[in-house]
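Scroll down for the structure; my scribbles are underneath it.
The values are calculated or read from the model by the stated rules, or taken from the named source; none is laboratory data. What you see is a predicted model; the values in this text were computed from it and never measured. Please note: Cβ atoms are built from the backbone with ideal geometry, for glycine as well, and neighbour counts cover all protein chains shown. Please note that ligands, DNA and RNA were not included when accessible areas were found on the heavy atoms of the full protein model with its side chains. Shrake-Rupley method; radii C 1.70, N 1.55, O 1.52, S 1.80 Å.
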Amino acid sequence: MAKKEEGQLWELRKSSIHNQGMFATADIEAGTRVIQYIGEKIPKKESTRRALEWEEKARKKGEGLVYIFDLNKRYDLDGNVPNNPAKYVNHSCDPNCEAVNYDGEIWIVSMRDIKEGEELGFDYGYDIQHFMDHPCRCGSENCIGYIVAREFWPKLRKLLKNKKKAEKIGRKKAKAAEEEKPKRKKKAAKKALKKSAVKKKSADKKAAKKKKKAAKKASKKK
């Protein structure tokens, strides 16, 4: 747990959402600047490079990263630095905070009144492109299941509906295939038996023909 300073409205502790989280140590009124999100000021080109690198690592590890914030047209803020406790504020589908840019400074600001002990959370605002890589564990009543910006929720719901439909069809096909196995096995056995009978009949016919031929030959010799 991080050491609490005088007047500080938060503390870091274990979170059920993801490892560490930030929690209110007092009642917080709506519109309060809870904590400044600090970091390294970097050009857009470097920001893109780092973001792509982190995204690849996050996808492999199944984690989400939201360290970079847009500052202006030229620069971004990389919050992945040791002295930035604000990076531990987790995503929530029902956020009580938001990240606000005040003249080049990023602040985590309360959107509503927050009770002491509540975990702080804001919408990470991820794009929908790789939503499957970022499952959400915020536990809110209206959790969409993935860390995706609210503006993409209608599209995400449609995708999830189609996904469930496809999975349902897949399960039905798998069940039908499983039920069909004994029938196919029986059919194959019947076919094999018929083939064996035909083969035997043919062999018997050949043997009878050969026997008849041999008898005829023996009769001529007499």
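Descriptive notes on the structure:
- Picking from residues in the stretch 20-53 that are touching a residue at least 24 places away in the same chain (Cβ under 8 Å) and within 23 Å of the chain's Cα centre (by Cα), the one that is most open to solvent (accessible area, probe 1.4 Å) is 20.
- For the stretch 124-137, a residue qualifies if it is surrounded by 14 or more Cβ atoms within 10 Å (Cβ to Cβ), part of a loop (DSSP other than H, G, I, E, B) and either polar (S, T, N, Q) or touching a helix residue (DSSP H, G or I) at 6+ places or on another chain (Cβ under 6 Å) (or both), and exactly one does: 128.
- Among the residues of the stretch 138-149, those that are over 17 Å from residue 118 (Cβ atoms) and either exposed (fewer than 13 other Cβ atoms within 10 Å of the Cβ) or not β-branched (Val, Ile, Thr) (or both) comprise 145, 146, 149.
- Residue count for the stretch 6-16, restricted to those that are farther than 27 Å from residue 71 by Cβ and either assigned to a loop (DSSP other than H, G, I, E, B) or in contact (Cβ under 8 Å) with a residue 60 or more places away in the chain (or both): 3.
- Residues satisfying the stated conditions in the stretch 107-149, i.e. among the β-branched types (Val, Ile, Thr) and within 19 Å of residue 12 (Cα to Cα): 108, 109, 114
- Flag for residue 103 being within 30 Å of residue 7 (Cα to Cα), without any contact (Cβ under 8 Å) to a residue 24 or more places away in the chain and either open to solvent by 40 Å² or more (accessible area, probe 1.4 Å) or of a type outside the set (Lys, Arg) (or both): yes
- Scanning the stretch 95-119 for residues that are touching a Cys at 6+ places or on another chain (Cβ under 8 Å) and assigned to a loop (DSSP other than H, G, I, E, B) turns up just one, 111.
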